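Colleague: My questions all concern the structure below.
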Amino acid sequence: MAMTEPCERFNPNCAIKPALPAGATYNTEIKSPIPYSGSLFKSDTPWPQPVASWTAGQPVTVKFQPGGAAHGGGHCQFAVSYDNGKTAAVVHKVMEHCFFNGASSGNDAQVLEYTFTLPAEVPASSKAQFIWIWTNAIGNRELYTGISDISIANSGGSTS
């Protein structure tokens, strides 16, 4: 599974994505679990500018690329970070049935979009990160993650 909105770092399959930073390449393994390299994300290099602008207290939509193996669902968490993913605060979670409408042993995702309200208390920043984390329900327990570079305005519109 891979997040396409907001565009995960170096995902070649997003409809809207910035130009790659100098020397960077698109991640052709974007749907794979995280590698055993010790990093939680497939890229620690941010996009050159935010791929989405959100406002605290307003609804946001997260979309995933069709065609990934959904492994019967599992747990998803969505979080915001201000230090390139070293720490994060969970802002939404889907327990047990991520990518499905209920219990499933299937591999074809039924749900590829989640809309939820970004908490009003989320601090504004022009250089925040949005993170998704998924532990699959069926097969080897694998950890899938993605990180997107976003800006967050407070309810008054400031990104301080």
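The values are calculated or read from the model by the stated rules, or taken from the named source; none is laboratory data. Note that the structure is a prediction, hence the values are computed from the model and not measured. Note that we place each Cβ from the backbone using ideal geometry, even for glycine, and neighbour counts take in every protein chain shown. Please note that ligands, DNA and RNA were not included when accessible areas were found on the heavy atoms of the full protein model with its side chains. Shrake-Rupley method; radii C 1.70, N 1.55, O 1.52, S 1.80 Å.
Colleague: Determine, from the Cβ-Cβ distance of Glu96 and Thr45 and an R0 of 35 Å, the FRET efficiency 1/(1 + (r/R0)^6), rounded to the nearest 0.05. If you can, show how the numbers build up before the last one.
Modeller: Numbers: r = 33 Å, r/R0 = 0.95.
Result of the calculation: an efficiency of 0.55.
Colleague: Separate question: Who wins for biggest fluctuation among Glu121, Glu29, Glu113 in a Gaussian network model of the chain, springs between alpha carbons below 10 Å?
Modeller: Glu121
Colleague: Summarise the accessible area of the chain (1.4 Å probe, protein heavy atoms) by the percent that is carbon and sulfur. The partial results should precede the final answer.
Modeller: Working: 4030 of 7890 Å².
Within the chain, the accessible surface is 51 percent carbon and sulfur.
Colleague: Please get the size of the charge dipole for region 6-160, origin at its Cα centre, with Cβ charges of +1 on Lys and Arg and -1 on Asp and Glu, quoted in debye to the nearest 20.
Modeller: The dipole magnitude comes to about 140 debye.
Colleague: In percent, how large is the relative contact order of region 15-139, given Cα pairs closer than 8 Å and 6 or more residues apart?
Modeller: 31
Colleague: Excluding residues fewer than 8 places away in the same chain, name every one of the lysines whose C-alpha is closer than 19 Å to that of Lys42.
Modeller: Lys17, Lys31, Lys63, Lys86, Lys127
Colleague: So, for region 7-55, what is the accessible surface per residue at a probe of 1.4 Å, expressed in square angstrom?
Modeller: For region 7-55, the solvent-accessible area averages 58 Å² per residue.
Colleague: Lys/Arg Cβ at +1, Asp/Glu Cβ at -1, dipole of region 67-160 taken about the Cα centre: which of Gln110, Val91, Asn140 is farthest positive-ward?
Modeller: Val91
Colleague: Right, something else. Springs between alpha-carbon pairs under 10 angstrom, Gaussian network model over the chain: which of Leu112, Leu143, Leu40 fluctuates most?
Modeller: Its mean-square fluctuation being the largest, the pick is Leu143.
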